[in-house]
Structures are given as structure tokens and as C-alpha cells.
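As C-alpha cells, the structure follows; a few thoughts come after it.
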């Protein structure tokens, strides 16, 4: 089995759309801005042998605020720009009580299976961190975007950029070899 880095989409791969201190997904492909640091950081993870899997909640589809087709166009744009292996999407809302909506671990547990004890989850909200923990990944990393909301769980690492997260993950690999 392959090890993976699971990545949240909005706030990790795309710049957050923040209103009143709360993050929201981009409303269109034009609004889905990928910061310059993202592609080089992901290439470093790929070179180290990680599969890169996006695990994203998109509840605005269930809420009627977003069309599934728009989410798919945004995701196709990310595939075109970034060295991603897969994008897994949960279109449900909390009331649906599905196994794939983070903080549930379903998106991380889907086939094909990955070596979760050698994998990492990177997110920008507590739901991402909790999903990684419930799935049994080696480590969880919170990219702190300073949203006006509490982080209900403690990540293994809190950083302020994807590049910092990648540096730490690659350092874990070096420590494991020693």
C-alpha cells in the first residue's frame, strides 16, 4: 500500500474566501485562487513518494448554494495545475449523517486503500484534523488561517503555510530513517 498526504481543498490548496472571520469555498473557478507556494510544495511531496489525495467537504451543494458542476470544474482546474492523484468529495451536509463528511473518516478510508499509519492529513479546520485522527493517519497538520472559530482538537503540528507543513512531513521521513 502507498502512503498518502490527504489535503483539504479550500484553505489549503486554494486561498480561503473569508467573510466575517469565517472561511467559505470559492463560488466559481475564477475565484479558486491557488497560491504560488502550493505547486512546488506538492511536487516535493510527490518526489518523496507520497500520493496526493484531496479530501474535501462541499456541503453547499446539499444546501442548494452551489452546483455540483461548479465544484467539478474547480476540481478539474486543480488537477490541471497541481500534481494531484485523486480528489474525493463529500457533497453532504451534517444532517445527512454520512460517513464521508469530515470529521468522519470516510473520505480517507475510500478505495484504493492507503498505508494510513504512514500517511498525513493537512487541513485548515478542526474537521480535517479530526477526520485524520479517526482514520488513523500518522500525523495531522493544521494550517492556521486565523479564522474566527475554535479548533476543537489539537493537531500534531500547527503551521501557517503549506510549505511549512511539507518541510515538517519530509523531516518525519528523515527521522524514520535514523
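FYI, it's all coordinate maths here, none of it is from the lab. As the structure is a computational prediction, the values presented were derived from the model and not from experiment. With ideal geometry, Cβ positions are generated from the backbone for all residues, glycine too; neighbour counts draw on all protein chains shown.
Given labels modelled 7 Å from the Cα in the Cβ direction, how far is it in nm from residue 18 to residue 167?
According to this spin-label approximation, the distance is 2.1 nm.
Between the stretch 108-160 and the stretch 1-76, how far is it from one alpha carbon centroid to the other, in angstrom?
Value for the Cα centre distance between the two parts: 14 Å.
Provide the packing ranking of 48-56, 63-71, i.e. peptides ordered by the mean count of other C-beta atoms within 10 Å per residue, highest first. The partial results should precede the final answer.
Values: 48-56: 20.6, 63-71: 13.7.
Order by mean packing, descending: 48-56, 63-71.
I'd like the Kirkwood hydrodynamic radius of the chain, using the inverse of the mean 1/r over distinct C-alpha pairs, in Å.
Numbers: mean 1/r = 0.0618 Å⁻¹.
By the Kirkwood definition, the hydrodynamic radius is 16.2 Å.
Between residue 29 and residue 76, 0.36 nm times their residue separation minus their Cα-Cα distance comes to what? Could you put the intermediate results ahead of the total?
Values: separation 47, 0.36 × 47 = 16.92 nm, distance 0.93 nm.
16.0 nm is the gain from fully extending residue 29 to residue 76.
Please arrange 46, 102 by how many other C-beta atoms lie within 10 Å of their C-beta, fewest to most.
Numbers: 46 15, 102 26.
The most exposed by this proxy come first: 46, 102.
Could you check the spin-label model distance between residue 44 and residue 111? Points 7 Å from the Cα along Cα→Cβ, value in nm.
3.5
Order these peptides, 7-19, 106-118, 142-154, by their mean beta-carbon neighbour count within 10 angstrom, highest first. Mind showing how you got there, number by number?
Numbers: 7-19: 20.7, 106-118: 16.2, 142-154: 14.2.
Result, highest mean Cβ count within 10 Å first: 7-19, 106-118, 142-154.
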